[in-house]
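J.: Structure provided below as structure tokens; questions to follow.
FYI, it's all coordinate maths here, none of it is from the lab. Because the structure is predicted, anything quoted here is derived from the model rather than measured. Cβ placement follows ideal geometry from the backbone for every residue including glycine, while neighbour counts extend to all protein chains displayed.
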Amino acid sequence: MKIIPLFSALPIVLAASACATSSAAPTAAPSVSAKLAAGDGSARGTATVTEAADGLHVLVKGVGLTPGMHGVHIHTIGTCTGPDFTSAGGHWNPTGHQHGKDNPAGMHMGDMPNMQAGSDGTGEIEYVVKGGTISDGANPLLDADGAAIVIHATADDYKSDPAGNAGGRVACGVLSKG
């Protein structure tokens, strides 16, 4: 039997160790979610925000809405007190811009595209908020008072400051982890 010196076996042990650690499961991307409700507490959908390298990936699924276009925004305070949801504050705007993608001085980080609700009252939007993070970095979504997703009664005109003339707030959900 041939005896292999310990220093000769070391590269094999290190290679096996590296393979074992590289197969570990990747960590899940940070995310927050919300259950959207109307002022009377009835369900109006869900929202999920997931952090990725290019920003925050927002998915909003609305139900029980009036057919037509609805403004959808991220609001700066994580409180949804009905019936008018003014408790959610204004649009999330850590960069200090005006409102709307068509406003030369815009846009808020909380400004998102309008959502079309079909004749069955359902609608969905997906949007990426460039440069946003969930809880760290230069533009964190969740600060001491949280954040909320709000669906408005009518379409956002993408230019009127501060809220795009999107009408009243018909649904709101507090973004929370888990």
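J.: Can you give the local net charge around PRO113? Use residues other than it whose beta-carbon is closer than 10 angstrom to its beta-carbon, Lys and Arg +1, Asp and Glu -1.
T.: Summing Lys and Arg as +1 and Asp and Glu as -1 gives -2.
J.: While we're looking at this one, here's another question. Taking θ as phi - 60°, what are the ³J(HN,Hα) couplings along segment 96-108 by the Karplus curve (6.51, -1.76, 1.60), each to the nearest whole Hz, with x for Gly and Pro?
T.: Values, residue by residue: x, 8, 8, 8, x, 5, 9, 8, x, 9, x, 9, 5 Hz.
J.: For ALA105 and THR66 in one chain, what is 0.36 nm times their gap in residues minus the Cα-Cα distance, to one decimal in nm?
T.: Length gained between ALA105 and THR66: 10.9 nm.
J.: Arranged by the count of other C-beta atoms within 10 angstrom, fewest first, what order do MET112, MET69 take?
T.: MET69, MET112
J.: Now for a different question. How charged is the neighbourhood of LEU56? Take every other residue with its Cβ under 15 Å from the Cβ of LEU56, and add Lys/Arg as +1 and Asp/Glu as -1.
T.: Once all neighbours under 15 Å are counted, the net charge is -4.
J.: Based on other C-beta atoms within 10 Å, arrange GLU51, GLU124 from fewest to most.
T.: With the fewest neighbours first, GLU51, GLU124 line up as GLU124, GLU51.
J.: Return the distance in nm (one decimal) between the two label points of a simple spin-label model at ASP54 and ASP136, each offset 7 Å from Cα along Cα→Cβ.
T.: Here the answer is 2.3 nm between the modelled labels.
J.: By counting other Cβ atoms within 10 Å of each Cβ, how are ARG169, ARG44 ranked from fewest to most?
T.: Starting with the residue having the fewest Cβ neighbours, the order is ARG44, ARG169.
J.: Mind listing the long-range amide H neighbours of GLN98? Cut-off is under 5 Å, sequence gap 5 or more, other chains count too, H placed in the peptide plane at 1.01 Å from N.
T.: GLY106
J.: What percent of all Cα-Cα pairs in segment 31-177 falls into each 10 Å bin, going from 0 up to the bin containing the maximum distance?
T.: Using 10 Å bins, I get a P(r) of 13, 47, 35, 5, 0 for segment 31-177.
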